[in-house]
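The values are calculated or read from the model by the stated rules, or taken from the named source; none is laboratory data. Please read these numbers as outputs of a predicted model, since none were measured by experiment. When we count neighbours, we look across all protein chains shown, and the Cβ atoms used for this are built from the backbone with ideal geometry, even at glycine. Ligands, DNA and RNA are excluded from the accessible area calculation, which covers all protein heavy atoms including side chains. Shrake-Rupley method; radii C 1.70, N 1.55, O 1.52, S 1.80 Å.
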Amino acid sequence: MLRSVSVKNAIKDAVEIFQFDQWLRFYFVVEKDDKLWIEIPDDKLKKIEEDHPDLFRYADMVNDAELDYQRSQDNVCTFVAARLDGQKYEPTVLPQVFDDAKFKVEMYLFNVWLKMHEPHLDEAFMEFGEWLEMYSGWNSMNEVKEYRTKLLESGADPQVPSCGTAQ
(Lines give C-alpha, C1' and ligand atoms only; values in the text may rest on other atoms or scores of the structure.)
Protein backbone atom coordinates (compact mmCIF):
# COMPACT_ATOMS: atom_id res chain seq x y z
CA MET A 1 0.00 0.00 0.00
CA LEU A 2 1.28 3.43 -0.92
CA ARG A 3 1.17 5.93 1.89
CA SER A 4 1.29 9.66 1.40
CA VAL A 5 4.03 11.90 2.69
CA SER A 6 1.94 15.07 2.18
CA VAL A 7 1.84 17.07 5.41
CA LYS A 8 -0.61 19.47 3.72
CA ASN A 9 -3.13 16.68 3.07
CA ALA A 10 -2.59 15.19 6.52
CA ILE A 11 -3.33 18.59 8.07
CA LYS A 12 -6.58 18.78 6.11
CA ASP A 13 -7.59 15.27 7.23
CA ALA A 14 -6.66 15.86 10.89
CA VAL A 15 -8.49 19.20 10.98
CA GLU A 16 -11.63 17.53 9.61
CA ILE A 17 -11.56 14.94 12.40
CA PHE A 18 -11.18 17.66 15.05
CA GLN A 19 -14.03 19.62 13.43
CA PHE A 20 -16.21 16.51 13.38
CA ASP A 21 -15.53 15.96 17.08
CA GLN A 22 -16.58 19.56 17.78
CA TRP A 23 -19.77 19.04 15.77
CA LEU A 24 -20.62 15.87 17.69
CA ARG A 25 -20.03 17.58 21.01
CA PHE A 26 -22.06 20.61 19.92
CA TYR A 27 -25.20 18.68 19.08
CA PHE A 28 -25.11 15.35 20.89
CA VAL A 29 -23.86 15.97 24.42
CA VAL A 30 -26.40 15.23 27.15
CA GLU A 31 -26.16 15.34 30.92
CA LYS A 32 -26.87 12.18 32.91
CA ASP A 33 -26.19 11.83 36.64
CA ASP A 34 -24.13 15.03 36.66
CA LYS A 35 -21.88 13.67 33.91
CA LEU A 36 -21.68 14.48 30.21
CA TRP A 37 -22.33 11.81 27.62
CA ILE A 38 -22.47 11.69 23.84
CA GLU A 39 -25.74 10.22 22.66
CA ILE A 40 -26.29 10.13 18.91
CA PRO A 41 -29.79 9.03 17.90
CA ASP A 42 -29.89 6.04 15.56
CA ASP A 43 -31.28 8.06 12.64
CA LYS A 44 -28.45 10.62 12.94
CA LEU A 45 -25.86 7.85 13.25
CA LYS A 46 -27.20 6.24 10.08
CA LYS A 47 -27.03 9.60 8.27
CA ILE A 48 -23.42 10.05 9.41
CA GLU A 49 -22.60 6.58 8.10
CA GLU A 50 -24.14 7.46 4.72
CA ASP A 51 -22.62 10.95 4.39
CA HIS A 52 -19.25 10.49 6.11
CA PRO A 53 -18.32 6.78 6.18
CA ASP A 54 -14.73 7.51 7.25
CA LEU A 55 -15.91 9.60 10.19
CA PHE A 56 -18.72 7.21 11.10
CA ARG A 57 -16.25 4.96 12.93
CA TYR A 58 -15.38 7.88 15.19
CA ALA A 59 -19.05 8.69 15.88
CA ASP A 60 -19.72 5.03 16.63
CA MET A 61 -16.68 4.87 18.93
CA VAL A 62 -17.75 7.85 21.08
CA ASN A 63 -21.50 7.21 21.01
CA ASP A 64 -23.10 6.31 24.33
CA ALA A 65 -19.88 7.15 26.16
CA GLU A 66 -19.11 9.44 29.05
CA LEU A 67 -17.32 12.60 28.01
CA ASP A 68 -14.89 15.04 29.55
CA TYR A 69 -12.10 17.16 28.11
CA GLN A 70 -9.39 14.52 28.56
CA ARG A 71 -11.51 11.70 27.10
CA SER A 72 -12.47 13.87 24.17
CA GLN A 73 -8.85 14.74 23.42
CA ASP A 74 -7.77 11.11 23.86
CA ASN A 75 -10.58 9.91 21.56
CA VAL A 76 -9.69 12.35 18.81
CA CYS A 77 -5.98 11.66 19.05
CA THR A 78 -6.51 7.89 19.07
CA PHE A 79 -8.77 8.11 16.03
CA VAL A 80 -6.39 10.41 14.13
CA ALA A 81 -3.51 8.04 14.86
CA ALA A 82 -5.49 4.92 13.92
CA ARG A 83 -6.93 6.38 10.72
CA LEU A 84 -3.98 8.38 9.47
CA ASP A 85 -0.68 7.45 11.11
CA GLY A 86 0.98 4.62 9.20
CA GLN A 87 -2.29 3.87 7.39
CA LYS A 88 -2.94 6.75 5.03
CA TYR A 89 0.32 8.60 5.72
CA GLU A 90 3.89 7.56 6.35
CA PRO A 91 4.66 7.34 10.09
CA THR A 92 6.89 10.42 9.86
CA VAL A 93 4.04 12.69 8.67
CA LEU A 94 1.62 12.90 11.59
CA PRO A 95 4.11 14.17 14.20
CA GLN A 96 4.79 17.05 11.80
CA VAL A 97 1.08 17.89 11.52
CA PHE A 98 0.51 18.82 15.16
CA ASP A 99 3.60 21.05 15.20
CA ASP A 100 2.73 22.73 11.91
CA ALA A 101 1.67 26.39 12.06
CA LYS A 102 -0.97 25.81 9.40
CA PHE A 103 -2.66 23.13 11.52
CA LYS A 104 -2.59 25.34 14.61
CA VAL A 105 -3.91 28.38 12.74
CA GLU A 106 -6.65 26.37 11.03
CA MET A 107 -7.84 24.93 14.34
CA TYR A 108 -7.69 28.37 15.95
CA LEU A 109 -9.73 29.92 13.14
CA PHE A 110 -12.28 27.10 13.29
CA ASN A 111 -12.71 27.75 17.02
CA VAL A 112 -13.09 31.49 16.34
CA TRP A 113 -15.74 30.69 13.71
CA LEU A 114 -17.51 28.38 16.14
CA LYS A 115 -17.64 31.01 18.89
CA MET A 116 -18.84 33.70 16.46
CA HIS A 117 -21.55 31.50 14.96
CA GLU A 118 -22.64 29.59 18.04
CA PRO A 119 -26.01 31.39 18.39
CA HIS A 120 -26.85 30.61 14.74
CA LEU A 121 -25.63 27.01 14.98
CA ASP A 122 -27.70 26.59 18.13
CA GLU A 123 -30.96 27.69 16.47
CA ALA A 124 -31.49 24.39 14.68
CA PHE A 125 -29.61 21.17 14.07
CA MET A 126 -27.22 21.32 11.12
CA GLU A 127 -25.59 18.33 9.44
CA PHE A 128 -21.79 18.19 9.55
CA GLY A 129 -21.63 18.92 5.82
CA GLU A 130 -23.62 22.10 6.40
CA TRP A 131 -21.13 23.16 9.08
CA LEU A 132 -18.25 22.59 6.68
CA GLU A 133 -20.02 24.53 3.95
CA MET A 134 -20.75 27.43 6.30
CA TYR A 135 -17.17 27.42 7.59
CA SER A 136 -15.82 27.32 4.04
CA GLY A 137 -17.89 30.38 3.13
CA TRP A 138 -16.62 32.27 6.17
CA ASN A 139 -13.09 31.06 5.45
CA SER A 140 -13.23 32.49 1.93
CA MET A 141 -13.90 36.03 3.16
CA ASN A 142 -11.03 38.45 2.50
CA GLU A 143 -10.88 39.49 6.17
CA VAL A 144 -10.41 35.89 7.25
CA LYS A 145 -7.78 35.24 4.59
CA GLU A 146 -5.88 38.33 5.69
CA TYR A 147 -6.13 37.33 9.35
CA ARG A 148 -4.87 33.81 8.54
CA THR A 149 -1.91 35.29 6.65
CA LYS A 150 -1.10 37.60 9.59
CA LEU A 151 -1.24 34.70 12.03
CA LEU A 152 1.03 32.56 9.87
CA GLU A 153 3.50 35.39 9.25
CA SER A 154 3.62 36.42 12.91
CA GLY A 155 4.71 32.97 14.01
CA ALA A 156 2.22 33.23 16.87
CA ASP A 157 1.24 29.95 18.46
CA PRO A 158 -2.54 29.98 18.88
CA GLN A 159 -3.76 27.76 21.69
CA VAL A 160 -5.28 24.71 20.06
CA PRO A 161 -5.86 21.10 21.04
CA SER A 162 -2.85 18.92 20.45
CA CYS A 163 -2.03 15.25 20.38
CA GLY A 164 1.10 13.83 21.85
CA THR A 165 2.60 11.49 19.29
CA ALA A 166 4.71 8.48 20.07
CA GLN A 167 7.96 8.27 18.16
Check your understanding: Per-residue ellipticity at 222 nm for the chain, helices alone: DSSP H runs ≥ 4 residues times -39500 (n - 2.57), over residue total, nearest 500 deg cm²/dmol?
Key -> -22000 deg cm²/dmol
Practice item. State the percentage of accessible surface on the stretch 35-119 attributable to carbon and sulfur atoms; use a 1.4 Å probe and exclude ligands, DNA and RNA. Key: 50 percent
Study note, to complete from the structure: Taking Asp54, Asp42, Asp13 and ranking on accessible area (1.4 Å, protein atoms only), highest first, one gets Asp42, Asp54, Asp13
Review point. What number, in nm² with one decimal, is the all-direction average of the projected area of the convex hull of the alpha-carbon atoms of the chain?
Key: 10.7 nm²
Exercise for review: Specify the residue with the greatest mean-square fluctuation among Ala101, Ala14, Ala82, computed from a Gaussian network of the chain linking alpha-carbon atoms under 10 Å apart.
Suggested key: Ala82
Point to revise | Heavy-atom accessible area per residue - the chain, 1.4 Å, Å² | key: 58 Å²
Point to revise | Positive minus negative residues near Ala65 (Lys, Arg vs Asp, Glu; Cβ under 12 Å) | key: -2
Revision key, fill the gap. Protection proxy (average C-beta count within 10 Å per residue), highest first, orders 131-138, 55-62, 147-154 as 55-62, 131-138, 147-154
Review point. What pairs in Lys47/Lys104; Lys12/Lys47; Lys32/Lys88 have C-alpha atoms more than 32 Å from each other?
Key: Lys32/Lys88
